[in-house]
1. In the range 135-152, is there at least one residue being farther than 21 Å from residue 215 by Cβ and touching a strand residue (DSSP E or B) at 6+ places or on another chain (Cβ under 8 Å)?
2. For the range 63-71, does any single residue satisfy the condition of being within 13 Å of the ligand (Cβ to nearest atom), more than 21 Å from residue 115 (Cα to Cα) and not in a helix (DSSP H, G or I)?
3. Looking for whichever is among the β-branched types (Val, Ile, Thr) and either away from the ligand (no atom under 13 Å from the Cβ) or closer than 26 Å to residue 41 by Cβ (or both) here; the options are 147, 133. Which one fits?
4. Note down all Cβ pairs under 6 Å where the first residue falls in the range 207-220 and is on the phi < 0 side of the Ramachandran plot, the second is open to solvent by less than 70 Å² (accessible area, probe 1.4 Å) and in a helix (DSSP H, G or I), and they're at least six residues apart or on different chains.
5. State which residue is nearest to residue 209 (Cα to Cα) when the search covers only the range 117-128 and only residues that are open to solvent by less than 10 Å² (accessible area, probe 1.4 Å) and more than 8 Å from the ligand (Cβ to nearest atom).
6. Does residue 177 satisfy being touching a residue at least 12 places away in the same chain (Cβ under 8 Å), small (Gly, Ala, Ser), assigned by the TED database to the domain that holds residue 57 and away from the ligand (no atom under 16 Å from the Cβ)?
7. Taking the options 204, 211, name whichever one is within 21 Å of the chain's Cα centre (by Cα), under 28 Å from residue 120 (Cα atoms) and open to solvent by 30 Å² or more (accessible area, probe 1.4 Å).
Amino acid sequence: MAYETILVETRGKVGLITLNRPKALNALNSQVLAELLAATQAFDANPQIGAMVLTGSDKAFAAGADIKEMQSKTYVDMYLEDFFSGWETFARTRKPIIAAVAGYALGGGCELAMMCDFIIAADTARFGQPEITLGVMPGMGGSQRLTRFVGKSKAMDMCLTGRMMDAAEAERSGLVSRVVPATELVEEALKSAAKIADFSLPAVMMVKEAVDRSYETTLAEGLRFERRLFHSTFALEDQKEGMAAFSQKRTANFRNR
Ligand code: HXC
């Protein structure tokens, strides 16, 4: 597929997707969604790929859902199209995706970063849910995911006032896993993704499934789910190899990676 709003490359076993609508600060329109879904689904289906990185530009990861595309829509349009529901498909990508965020991650941009498995932020990153300033509210998961990341008080503050968080506050609040200099952002994210891609892919995907499950179920059910998945890792050749390599003091050579 020829993409117009994203750039898609592979770096070894890592799929790198770069949002590329510079004139609109990477605002997320229907075409971006369709292309992101096509690219992530292709990487999911590609046995040569073990993890992905999603990034934007130095100025903006993404400045939100495309306001100009939404502006004239009616309630009936939104309801019948089930507008934004396609992002749920993005969030169900099975291989890990690291969001590498520099500059603005606002509204849908912040929500997209939170749909990824973890966020590495450049020191220039700014996160916000400014929908309230447009007379609307978050619609791609902001009120739910941000609350789980940073707690009620900060989520309310962000969504009700529309103020932005800088990278230091985002790290302090648990929104991002780490902050790196802007010049090193993509390389750092690629390095982490390459590390993940070097592990056993089924084990990696089970980790993702188990951590995600913690958001959707009770602790008792989540613990049971984790334990059953853990048991199933003993059906993997990679479990035998990983544990043998430890005992023999050598590096594991995983087969399923
Ligand atoms: C469409 C956008 C856009 C957006 C920026 N642009 N954000 N177009 N949708 N979300 C366009 C501008 O219109 C402009 O196009 C170009 O990108 C450059 O933006 P500027 O505003 O000139 O840049 P700057 O002055 O540097 O300001 C950067 C900014 C500002 C602070 C990020 O662009 C901004 O506030 N953007 C909107 C942020 C926002 O409200 N996001 C939430 C969207 S709603 P032209 O053609 O004029 O050069 C959302 C969730 C929706 O995401 C869920 C509920 C419906």
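The values are calculated or read from the model by the stated rules, or taken from the named source; none is laboratory data. Because the structure is a prediction, the values reported are computed rather than measured. Every residue, glycine among them, receives a Cβ derived from its backbone with ideal geometry; neighbour counts consider all protein chains shown. Calculation scope for accessible area: heavy atoms of the full protein, side chains included, ligands and nucleic acids excluded. Shrake-Rupley method; radii C 1.70, N 1.55, O 1.52, S 1.80 Å.
1. Checking the range 135-152: not a single residue is farther than 21 Å from residue 215 by Cβ and touching a strand residue (DSSP E or B) at 6+ places or on another chain (Cβ under 8 Å).
2. The answer is yes, given that some residue of the range 63-71 is within 13 Å of the ligand (Cβ to nearest atom), more than 21 Å from residue 115 (Cα to Cα) and not in a helix (DSSP H, G or I).
3. Of the residues listed, the single one that is among the β-branched types (Val, Ile, Thr) and either away from the ligand (no atom under 13 Å from the Cβ) or closer than 26 Å to residue 41 by Cβ (or both) is 147.
4. Between residues of the range 207-220 that are on the phi < 0 side of the Ramachandran plot and residues that are open to solvent by less than 70 Å² (accessible area, probe 1.4 Å) and in a helix (DSSP H, G or I), the close pairs are 210/229; 213/222; 213/225; 214/222.
5. 119
6. Taking the combined requirement at face value, the residue satisfies it.
7. 211
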